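Report on the structure given below.
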């Protein structure tokens, strides 16, 4: 799986959009970008994923650059409950057992009142 | 559905003791995983299973054993606990499908301390 690079930490004012960047310059054509978050030592929670096109769901939007070397997770109106560690993960399918997720250290997002 | 449940939530072991961490899912998922997370770090895969009777090693399997006799249950066994196994353990599961549609569901974790 391709390596990802994320900032260690970010702050965001409550009610504002939180934009979390991720670099994955070695991504290959069949690799998906996944985002998970982990709130205060709870189990990680799936947020969103994408391949080439931008994606949006009820939690967030995912913007992937045209060359797919980077992406941005957008939380449109951050709340205090969005304070968490956010993980950007690039995954490829490689056979049985391939649904493994390789978690880096992620970005610690702090939403400030 | 309860999702993925784990017991116990907390446990303190003495060096050399053994224990089993329980994991159960009620979503009929065929893939199940055990991860550990050390303080300030990401999750590392210990073992995984693609179905009942089938298990395989992940990145950090030493000191652990697993079994998968049913679809629902995937217990993790520590035989001789060591301080290096102090960590938070997460169980996860997915329904096998096309990549890009498979999201992992995680349990709440078991916090283990070995003294």
Output for the range B:70-107, where each listed residue is at pLDDT 95 or above, over 20 Å from residue B:54 (Cα atoms) and within 8 Å of chain A (Cβ to nearest Cβ): B:88, B:107
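Could you name every one of the strands (runs of 3 or more DSSP E) located completely within the range A:51-95 that has at least 2 residues being away from chain B (no Cβ under 12 Å)?
Numbers: elements: A:61-64, A:70-75, A:84-91.
Of the strands (runs of 3 or more DSSP E) lying wholly inside the range A:51-95, those with at least 2 residues that are away from chain B (no Cβ under 12 Å) span A:61-64, A:70-75.
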Which numbered condition residue B:53 fails, given (1) surrounded by fewer than 19 Cβ atoms within 10 Å (Cβ to Cβ); (2) touching a residue at least 60 places away in the same chain (Cβ under 8 Å); (3) over 25 Å from residue B:83 (Cβ atoms): (2)
Tally, over the range A:55-92, of residues that are without any contact (Cβ under 8 Å) to a residue 40 or more places away in the chain and over 13 Å from the mean Cα position of the chain (by Cα): 5
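The values are calculated or read from the model by the stated rules, or taken from the named source; none is laboratory data. Bear in mind the structure is a predicted one, so any value in this text is a computation, not a measurement. Methodologically, a virtual Cβ is constructed for each residue, glycine included, from the backbone with ideal geometry; neighbour enumeration extends over all protein chains shown.
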